[in-house]
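Written below as structure tokens is the structure these notes are about.
Bear in mind these aren't lab numbers, they're just calculated from the coordinates by the rules spelled out. The structure presented is a predicted model; accordingly, all values stated were derived computationally and were not measured. All Cβ positions, glycine included, derive from the backbone under ideal geometry; neighbour counts span all protein chains shown.
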Amino acid sequence: MSDPLPREIRCVLVPVGNLRMLLPNATIAEVVTYSAPAPLAGVPDWMLGRIAWRGWQVPLVSFTQLAGAPEGDAELSMRVAVLKALGGDPKLPFIAVLTQGFPRLTTLNAELILPTHDGSELPPGVRAHVLVRDDVAVIPDLEWIEAQLLDMLDELNVHSQPEADEAVDEPESFDGSY
């Protein structure tokens, strides 16, 4: 018999422009200081390029550009949330998302997440609009984003894998420290 679903789940509200992405804590590998990505030719504007992270070349996504959302306060410090990819493809084990401000840890249960979707078509990369306590948030469609990135990387024939002689650290779940 399988274990019952947990009553509560540790999540992170990640500020992206004027939005907050709601993600399970386990998907966040690390939050790091922003560094300019190496650009890639022929990709959409929301694919900012690739950043070097722990020996990997990780694609950096602007979720606000992807979802057509306002960019937010340019005065807030830019960071990068490195997420563990869900698909298990060794060519794309991580995805990086541009963030502003500080991600916030929270513990949620089903009663604390209320859908707010009005039935209209959702923007690309968005799975749902929700209300989390007093925060409006979006749940990103990470599978769709990952599939788009894999198609782009395959088309460009670039991979996220580290160099063969380079040591790679496996990150733990995000612990809230910066």
Self-check item: Theoretical gain in end-to-end length, Glu121 to Lys91 [0.36 nm per residue, Cα-Cα removed]
Solution: 7.7 nm
Quiz item: For Met78 and Arg104, what does the FRET efficiency come to when R0 = 22 Å and r is the distance between their Cβ atoms, rounded to the nearest 0.05?
Solution: 0.85
Practice problem: Sort Lys84, Lys91 so that the residue with the fewest other Cβ atoms within 10 Å of its own Cβ comes first and the one with the most comes last. | Solution: Lys91, Lys84
